[in-house]
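So the structure is just underneath, and the comments pick up after that.
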Amino acid sequence: MYYYGTSRVNENNSLEIGGVDTLHLVSKYGSPLYVYDVALIRERARGFKETFEKMGVSAQVAYASKAFSSVAMIQLVEEEGLSLDVVSAGELYTAIAAGFPRERIHFHGNNKSIEEIQMALREDIGCIVVDNFSELYLLEEICRDLDKTAKILLRVTPGIEAHTHDYILTGQEDSKFGFDLMNGQAEEALMHSLQSDSYEVLGIHCHIGSQIFETTGFILAARKIIEQMKKWYKELNYQPKVLNLGGGFGIRYTEEDDPLPASVYVEKIVTEVKEQIDSSELDMPEIWIEPGRSLVGDAGTTLYKLGSVKEVPNIRKYLAIDGGMSDNIRPALYDAKYEAVIANRPLDKPEETVSIAGKCCESGDMLIWDLPLPKAERGEILAVFCTGAYGYSMANNYNRIPRPAVVFVENGEEQLVIERESLEDLIKHDKPLKQKVTK
Ligand SMILES: Cc1ncc(COP(=O)(O)O)c(C=O)c1O
Ligand SMILES: N[C@@H](CCCC[NH3+])C(=O)O
């Protein structure tokens, strides 16, 4: 079994993370429980940041908070000196509540509402990433109303669509995000923005996909964008300050995944950008990236209690957990794969193959298919690794199941950072049926 970060089997033969016994965590905070290894998040953050520093380029590493957002998480991001990518009023509100420096907040999204744009402008955040023409005109109007100038990046689609393990070149016409680089829309948006009093155009942004294991896609994207930047410099005398190449760096979920260290992605990207810029009249732009999954993914572990066991003779044994697609929808949504151990005896040899079922009323609510495990019983604790990204953040209340609690662990100490939802929380916004008026 592969153990991430500070995870290890301790002297009690139970799984420990951040120096804290996971059995203690379940008995104190209940289950399901999300546990984050803070030291591993710090290590991942430094992996990106320090490589940029070593290579002597100005950079911003913005945590894509959609991967996991909470006040404590955002405060940790600040402690590590990163910037922050938000995509909604909710994520921005969380950042503000965490006291995150406004100038390092970048606002994304393909359909920002008027209220969200007003909020971003009033808070004087670092930049708004403009996604399409309708937003370009709307933002301009709101800037005029509020007498503000917006710092913007233009999100472009460079014609490279990354899939999980490879990449393919596509026309990108069917992407809901960004201005197409090849059909002239990006240039049209740039010309409009440069002529507008409402905009300071910081630069260009692209994001080619998620869970990418190679550097080629990033390199091709950078090359294509810089090609256009050279043209825009000649024709429009425009020199971008920022080139943002997005996130998407892959992580290990199972033994099938073989991710590159952060340093390799950064080195390859920086080397390519430098080479392209050196052969042009352009100045070196700041390089920004936006990792989400690769900062928090493998730092998260979910602890569940095992419940019902159902055996279908000669076919399959189902072991049910006390959570499921309500706290981790990724297997149902993307056929995502995870590895797991029995946290109260992780070293015991597997004796059978079981499938881990969630408790939601959906046949598709299966967390792990065909997992080798020792014979396990109701009440034992299952630890599922690598659930830190897009797990809690995509959790929901299907079947009116309360969202789990989240704890941070580091150096032998734990800290509750999100309370478990209560049953009262679930009906907090409900209104009773009006009394029938009987005459
Ligand atoms: C614009 C943008 N930036 C950053 C990210 C973060 O991606 P990841 O979590 O794969 O690093 C995403 C999500 O894919 C995104 O859409
Ligand atoms: N939510 C997805 C990734 C989407 C990334 C956001 N653009 C996942 O869990 O893998």
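The values are calculated or read from the model by the stated rules, or taken from the named source; none is laboratory data. Small disclaimer: the values here were computed from a predicted structure and weren't measured. Reconstructed Cβ throughout: ideal geometry from the backbone, glycine too, with neighbour counts over all protein chains shown.
Structure notes:
- Being assigned by TED's automatic domain parsing to the domain that holds Leu121, at pLDDT 95 or above and away from ligand 2 (no atom under 16 Å from the Cβ) is a description that applies to Leu190.
- First in the range 17-39 and part of a helix (DSSP H, G or I), second anywhere and hydroxyl-bearing (Ser, Thr, Tyr), Cβ under 6 Å, 6 or more apart: Leu23/Ser14; Ala39/Thr6
- Counting the residues of the range 206-232 that are away from ligand 1 (no atom under 16 Å from the Cβ), hydrophobic (A, V, I, L, M, F, W, C) and more than 21 Å from Asp258 (Cβ to Cβ) gives 3.
- Among residues of the range 288-308, those that are part of a strand (DSSP E or B) and within 10 Å of Ala64 (Cα to Cα), counted: 1
- Members of the range 40-77 found to be within 22 Å of Gly109 (Cα to Cα) and part of a helix (DSSP H, G or I), listed by number: Ser65, Lys66, Ala67, Val71, Met73, Ile74, Val77
- The range 83-105 - residue that is surrounded by 23 or more Cβ atoms within 10 Å (Cβ to Cβ) and not in a helix (DSSP H, G or I) and, of those, nearest to ligand 2 (Cβ to nearest atom): Asp85
- Whichever residue in the range 315-349 is outside any strand (DSSP E or B), over 22 Å from Ala395 (Cα atoms) and aliphatic (A, V, I, L, M) and, among such residues, is farthest from ligand 1 (Cβ to nearest atom): Ile315
- Filter result for Glu135 (assigned to a helix (DSSP H, G or I), touching a helix residue (DSSP H, G or I) at 6+ places or on another chain (Cβ under 6 Å), surrounded by 20 or more Cβ atoms within 10 Å (Cβ to Cβ) and acidic (Asp, Glu)): no
- Residue match in the range 380-388 (condition: among the β-branched types (Val, Ile, Thr), within 16 Å of ligand 1 (Cβ to nearest atom) and either part of a strand (DSSP E or B) or within 18 Å of the chain's Cα centre (by Cα) (or both)): yes
- Selection from the range 62-76 of residues that are buried (at least 24 other Cβ atoms within 10 Å of the Cβ) and either near ligand 1 (Cβ under 10 Å from one of its atoms) or within 8 Å of the chain's Cα centre (by Cα) (or both): Ala62, Tyr63, Ala64, Ser65, Ala67, Phe68
- Matching residues in the range 282-294 - criterion: being more than 13 Å from ligand 2 (Cβ to nearest atom) and buried (at least 21 other Cβ atoms within 10 Å of the Cβ): Pro285, Ile287, Trp288, Ile289
- Residue in the range 110-124 that is surrounded by 21 or more Cβ atoms within 10 Å (Cβ to Cβ), over 14 Å from the mean Cα position of the chain (by Cα), part of a loop (DSSP other than H, G, I, E, B) and not basic (Lys, Arg) present: no
- Criterion applied to Ser210, Ser263, Ser198 was being of a type in the set (Gly, Ala, Ser), touching a helix residue (DSSP H, G or I) at 6+ places or on another chain (Cβ under 7 Å) and within 16 Å of ligand 2 (Cβ to nearest atom), and the one residue passing it is Ser210.
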